[in-house]
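> Sharing a structure, written as structure tokens. Questions coming.
The values are calculated or read from the model by the stated rules, or taken from the named source; none is laboratory data. What you are looking at is a predicted structure, and each value in this text was computed from that prediction instead of being measured. Every residue, glycine as well, gets a Cβ built from its backbone with ideal geometry; the counts of neighbours run over all protein chains shown. All accessible areas refer to the heavy atoms of the entire protein, side chains included, with ligands and DNA or RNA removed. Shrake-Rupley method; radii C 1.70, N 1.55, O 1.52, S 1.80 Å.
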Amino acid sequence: MRLVHWLVVAVLAAALALFVAGCGDSGGDGARDADALFEEGMAQLQNDMDGIDMDDPPWDWGIDASDAFEDFDGALDADPDHCGALLMAALTRILVVLTDPDLADILDDVFDEESFAAGRLPIFWVFDTPDIADVRRIRENIAERNRDDFPFSELQDYIEDEVIPALDYVDGNFSDFEDLDCELTLVIDVPARDDTTLMIQIDATDVYFAHGPVDALQSLFHMIVAYNVDVEEGQTLEELIDEDPNFTSLRPGNHMGTAYDELTDMVGHMDDALTSLTTETGNQTYDLITETAGMYFVLDEMFEVDGAADSLAMIVQEIEDALTSPYTINPHEMDPEDPFAPDIDITFDIQEMFDDPLDPLKAYLPAHTFPEPDEFVLDEPLTFPDPTFDGIFIGMTDEDWRALEEWWD
């Protein structure tokens, strides 16, 4: 995920002179028009980014990158195969969303300012790894907010209207970049280092590596907008679960199905990235991402392990297997030394969860009571309306869940 952040921040923040090799510079009128618009976009972007504080969240930068985006997008209208415009239009499209003041207003309305540090809201964790304190704070915040308005649908509407279309645009541009087998050379001036000039080559391999996280983001945001979780002022937990017909129901649109499709695309792009990386034969000295050599991101060093490509390939295969067929885990077999681990086969069908999502989620809650309107207490013994959760947990019974609950306790 950090690769996407690097591309958005490091590439956009630098003073760039971009030279396109092999694609988009055929010399025709369309190419010349595209080159002119591309140069205008680069100049506009450099002016926009000048002087911003990267430690601030993007929505506090006070910039509007839409003019630069329109230049890059216009360059693609003139020459759809312009490699530089394909990459920079994708990056500025994301930047337009991240710096939108409307996003800041919505986040202020939805989230408790004291409960979330700037820039570390849940939807932006893809750019930074949360720790357990963040998870605990979010859980406590949501539990405490049920007496206040929690208009999460405002953020969901924004994601549907702005974020998902932006990521779809990036997805399409990255695909075109890959299909054209583009290769770019970035010459970056670094005034702070005695006018040092750095050269970086970005090719289809690098974009494949960025494309996988973009697919993951698309999947994540479709899941975020899939269910209704609005809370009106004064609603108790008992009212939400027992009386509110919309709470945890599916929102319009096949968001869960689309989220699954994006996960399968992620697997494909990561597989393409590894295949492309391990079959490269040219000089990789200035490649952005290499397998064992180069100046920038060497895969083994990034993951601090020898043979990182092989390890990633195994992980990608495991993800693909989990997405396409049910998989089984057994707590006792996973940890035979744990005397309390139950000897239970837990078979989980992730494809079923996306293809036939639970609706509403609250219908699958275990039997419970409300001694107080905001106090949810499980009945004993633990029972579910459907212990298989409509076929997601194949063959599970209430007895199996009870054994797991005792083990967790």
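> Is it the case that some residue within the range 235-245 is under 19 Å from residue 155 (Cβ atoms) and outside any loop (DSSP other than H, G, I, E, B)?
Yes.
> Check the range 276-285 and report whether any residue there is touching a Leu at 6+ places or on another chain (Cβ under 8 Å) and touching a residue at least 60 places away in the same chain (Cβ under 8 Å).
Yes.
> For the range 72-93, name all the residues that are open to solvent by 10 Å² or more (accessible area, probe 1.4 Å) and not in a loop (DSSP other than H, G, I, E, B).
Selection gives 73, 74, 76, 77, 78, 93.
> Before we move on, is residue 69 open to solvent by less than 30 Å² (accessible area, probe 1.4 Å), among the aromatic types (Phe, Trp, Tyr), at pLDDT 80 or above and in contact with a helix residue (DSSP H, G or I) (Cβ under 8 Å, 6 or more places away or on another chain)?
no
> Moving on. Tell me, please, whether a residue that is open to solvent by less than 30 Å² (accessible area, probe 1.4 Å), modelled with pLDDT under 90 and over 15 Å from the mean Cα position of the chain (by Cα) can be found in the range 211-233.
yes
> Out of the helices (runs of 4 or more DSSP H) lying entirely within the range 295-409, which hold 2 or more residues that are under 30 Å from residue 205 (Cβ atoms) and open to solvent by 60 Å² or more (accessible area, probe 1.4 Å)?
Counting at least 2 such residues, we get 299-303, 308-324.
> Go through the range 263-294 residue by residue and tally those that are closer than 17 Å to residue 183 by Cα, more than 24 Å from the chain's Cα centre (by Cα) and outside any helix (DSSP H, G or I).
Number satisfying all stated conditions: 9.
> Within the range 266-308, which residues are of a type outside the set (A, V, I, L, M, F, W, C) and under 24 Å from residue 218 (Cα atoms)?
Within the range 266-308, 268, 269, 271, 272, 275, 276 qualify.
> Hey, another quick one. Of all the residues that make up the range 198-230, how many are within 19 Å of residue 296 (Cα to Cα) and part of a strand (DSSP E or B)?
Selection size over the range 198-230: 6.
> Return the pair list, or none, for Cβ contacts closer than 8 Å from residues in the range 256-267 that are crowded, with 20+ Cβ neighbours inside 10 Å to residues that are hydroxyl-bearing (Ser, Thr, Tyr), at least 6 apart or on different chains.
259/219; 260/219; 262/219; 263/219; 266/219
> For the range 285-321, give me each residue that is in contact with a strand residue (DSSP E or B) (Cβ under 8 Å, 6 or more places away or on another chain) and closer than 30 Å to residue 395 by Cβ.
321
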